[in-house]
1. Sum up the charges of everything whose Cβ sits under 15 Å from the Cβ of residue 194, counting Lys and Arg as +1 and Asp and Glu as -1, but leave residue 194 out.
2. Please say if segment 99-204 is rounded, prolate or oblate, where rounded means a/c under 1.5 for a ≥ b ≥ c the square roots of the C-alpha gyration tensor eigenvalues, and otherwise the choice is prolate for a/b larger than b/c and oblate otherwise?
3. Apply the Karplus parameterisation 6.51 cos²θ - 1.76 cosθ + 1.60, with θ equal to phi minus 60°, to every residue of segment 189-201 and state each ³J(HN,Hα) to the nearest whole Hz, in sequence, with x for glycine and proline.
4. Along the Cα→Cβ direction, 7 angstrom out, place labels at residue 146 and residue 42. What is the inter-label distance in nm?
5. Tell me the carbon and sulfur percent of the accessible area for the chain, rounded to whole percent, probe radius 1.4 Å.
6. Tabulate in residue order the Karplus-calculated ³J(HN,Hα) for segment 140-155, using 6.51 cos²θ - 1.76 cosθ + 1.60 with θ = phi - 60°, rounded to whole Hz; enter x for Gly and Pro.
7. If you take log10 I(q)/I(0) by the Debye sum over Cα atoms at q = 0.08, 0.11, 0.13, 0.18 Å⁻¹ from the coordinates, which of [x] -0.29, -0.53, -0.73, -1.24; [y] -0.28, -0.53, -0.74, -1.39; [z] -0.36, -0.65, -0.86, -1.31 do you get?
8. What number comes out for accessible area per residue over the chain if the probe is 1.4 Å? Units Å², please.
Amino acid sequence: MQTSESTTGAAGADTKPRRVTKRRAETRQRLLDAAGEVFAAEGFGRSTVEQVCDRAGYTRGAFYSNFTSLDELFLAMWEQRSAQMLDGIRTALADAASRPSTMTLEPAVALVLAAIPVDDAWYRITAEFTAHALRNPALTRVMVAREDAILQTIMPIIEDALAAAGRRVTDREALGHALVALHDGTSIQVLMEPHNEAVRQARERLFVTVVSSYSSSTDTDRR
């Protein structure tokens, strides 16, 4: 079986920053795009640097001038997708805030969920990489730290959205972890029945229930 050619040290963020030119940025993006296709088709554990390079149309030299391993490449993919997700949530909520109607909890939850797509290929890639990371304690620590950083970024956005809906978060950390667990758990249900609208509606109701459990009405607070 082919290996992922991963290296533990490459998963960290302590590598020396590289100068990013337009050409390097384009090369890097093509490698990221190619890796997504290879990982989804072959599985992370069976993917190789050579397969990614072949798909992108580059040599191993081009790969190693941008990444030290497939681990580092995946983490770059994860960071990029996280940034896109956050931008999508901000945009959706900004559009909602510009409307004259008052936001309520259910529409706020629906807006956030719409900005966090459940993607079959990405789910498979992340599930396989997570299994790989669980066999590598150093890589697991990197993933935990990055997951925490994402939560620290997204929670203020969610709190602002809830504030606009007349609710105040009572336990930010608990709500953050509950939302991650709920997203991960219900994503597989949606992917198993992609055309079942009842599954998506049940997912949305669960999110509303969880958010309600970890927040309180600002009207109640004022009483």
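The values are calculated or read from the model by the stated rules, or taken from the named source; none is laboratory data. Keep in mind that what you see is a predicted model, and the values were worked out from it rather than measured. Heads up, the Cβs are rebuilt from the backbone with ideal geometry, glycines too, and the neighbour counts pull from every protein chain shown. Please note that ligands, DNA and RNA were not included when accessible areas were found on the heavy atoms of the full protein model with its side chains. Shrake-Rupley method; radii C 1.70, N 1.55, O 1.52, S 1.80 Å.
1. Values: positive: 124, 200, 203; negative: 119, 120, 193, 197.
Local charge sum for residue 194: -1.
2. Numbers: a/c = 2.73, a/b = 1.34, b/c = 2.04.
It comes out oblate by the Cα gyration axes.
3. Rounded to whole hertz, the list is 5, 5, 5, 6, 10, x, 9, 8, 5, 5, 5, 5, 5.
4. 1.9
5. Working: 6670 of 12530 Å².
With neighbouring chains kept in place, the figure for the chain is 53 percent.
6. 4, 5, 5, 5, 4, 5, 6, 4, 5, 5, 5, 4, 5, 7, 7, 5
7. [z]
8. Details: 12530 Å² over 223 residues.
Roughly 56 Å² per residue, with all protein chains present.
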